[in-house]
Each structure stands twice: as structure tokens, then as C-alpha cells.
1. For the range 113-172, how many residues meet the condition of being within 21 Å of Ala73 (Cβ to Cβ), free of Cβ contacts under 8 Å to residues at least 24 places away in the same chain and surrounded by 15 or more Cβ atoms within 10 Å (Cβ to Cβ)?
2. Under the condition of being aromatic (Phe, Trp, Tyr) and surrounded by fewer than 19 Cβ atoms within 10 Å (Cβ to Cβ), which residue from the range 45-99 is modelled with the lowest pLDDT?
3. Whether any residue in the range 102-109 is surrounded by fewer than 15 Cβ atoms within 10 Å (Cβ to Cβ), within 14 Å of the chain's Cα centre (by Cα) and either in a strand (DSSP E or B) or of a type in the set (Val, Ile, Thr) (or both) is what I want to check.
4. Scan the range 70-99 residue by residue and report those that are within 30 Å of Ile39 (Cα to Cα), of a type outside the set (Ser, Thr, Tyr) and touching a strand residue (DSSP E or B) at 6+ places or on another chain (Cβ under 6 Å).
5. Can you go through Lys140, Lys122, Lys127 and tell me which one is more than 15 Å from Gly48 (Cα to Cα) and assigned to a loop (DSSP other than H, G, I, E, B)?
Amino acid sequence: MNRGIILGLALVTLSSAAMAQISISAGTYMPKDATIKSIFGSSSFAWGIGLGKADRTNRAGFGFDVAGIGMTATNNRFFSLGATYGYEVQSGSKSETMTYARVGTGIAYYDYDMNIGLNNFKDQTFKPMTVAEAGVVLGKHFTVNAQYLFMPKLKGLDFSGARIQAMYTFGG
């Protein structure tokens, strides 16, 4: 099934169920694996889409988070969309600006098509994902954060790495 259709269905379903807001993010992704670096660069532009509010009020403690990442390079692409359950701590939650840290683990959908030498690595699969994240919330719609995404090896390719991003949330 087309990854855009899966993403759209997941967002509509989860958004309706959780009455969540849609967020978009952009930043730089720094993969740890040398093969992935050779394809996408040691740091590459990465976009993301997720559910939830930039204003993380009342999110301290245990809860779910949904996020995705996508990267493209000449004849190569990688996309993931994951849902994790984890624990979050916050400081300054009574003000417009607050900090937070979160760790969560769960399941992600991975869709990739990679050409490495004469080999093609292509798959659409569900596998685990773990995320460690720390950030600063600047108002109700804007967050800046750093994440480390722990992803399983997919046909020998390790997409794990660090991401620094800015996120904007649409809606109230």
C-alpha cells in the first residue's frame, strides 16, 4: 500500500480518536551508520509529521506520542511513522516557555527503497522504535527539540540517529 495513503489514514484515525492537532517539523537528521551517511550525508534535511500539541501542558507522566520522519536522496528514500508509549518530565509548565524530556518505545511503520552499489534494499514493514527526546516549548504552537531515534536494522541498514528539529502545530 502507498505510504501516503497509510500516513493519511493513520493521521485521520488517530486525530479523530484523540482530538489531536497536526504538527509538521523540519530539521537536520544525523545518522550514525556510515552507509546511511554516504547516501543521505552526515547531516541531511528531514521532515516530519505528527499528532499532538506543541504546548505540552498536562503531558507530564506516562502517555503516547506519534511521529514520523522522511528523507530522500537521488534514487533513495526512507520513511517511518511510529507510535511510542513513554514517560515525560517537564519544568516551567505554568509559563509560555517550558522544557521537557521524554523517552518512549513502541512500533513504527518503515518504508524504504535504497540503492547501494548494485544492490536494492526495499521493504515496507512494522518494527520497534525507541525515542529519547528533550526540548523547549516556545508558546502554544512552536517547539524546538533534539531526539535520538533507535531503529532496528532493516535488511542490514541501520537508520538510527540524532535529529534536531523545529515543530509547528496547527490549530487552537
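1. Of the residues in that region, 1 qualify.
2. First, pick out the residues of the range 45-99 that are aromatic (Phe, Trp, Tyr): 45, 47, 62, 64, 78-79, 85, 87.
Adding the requirement that they be surrounded by fewer than 19 Cβ atoms within 10 Å (Cβ to Cβ) leaves 45, 47, 62, 64, 85, 87.
Working: Phe45: 83, Trp47: 77, Phe62: 93, Phe64: 88, Tyr85: 96, Tyr87: 97.
Of everything passing the filter in the range 45-99, Trp47 is modelled with the lowest pLDDT.
3. Going residue by residue through the range 102-109, those that are surrounded by fewer than 15 Cβ atoms within 10 Å (Cβ to Cβ) are 105, 107.
With the extra rule that they be within 14 Å of the chain's Cα centre (by Cα), the set shrinks to 105, 107.
Now restrict to residues that are either in a strand (DSSP E or B) or of a type in the set (Val, Ile, Thr) (or both): 105, 107.
Yes.
4. First pass over the range 70-99, keeping only residues within 30 Å of Ile39 (Cα to Cα): 70-84.
Pick out the ones that are also of a type outside the set (Ser, Thr, Tyr) and you get 70-71, 73, 75-79, 81-83.
Within the range 70-99, Gly70, Met71, Asn75, Asn76, Arg77, Phe78, Phe79, Leu81, Gly82, Ala83 meet the criteria.
5. Numbers: Lys122 fails: assigned to a loop (DSSP other than H, G, I, E, B); Lys127 fails: assigned to a loop (DSSP other than H, G, I, E, B).
Unique residue meeting the criteria: Lys140.
The values are calculated or read from the model by the stated rules, or taken from the named source; none is laboratory data. The model shown is predicted, which means the values in this text are computed figures rather than measured ones. Neighbour counts are summed over all protein chains in view; Cβ atoms, including those assigned to glycine, are modelled from backbone coordinates with ideal geometry.
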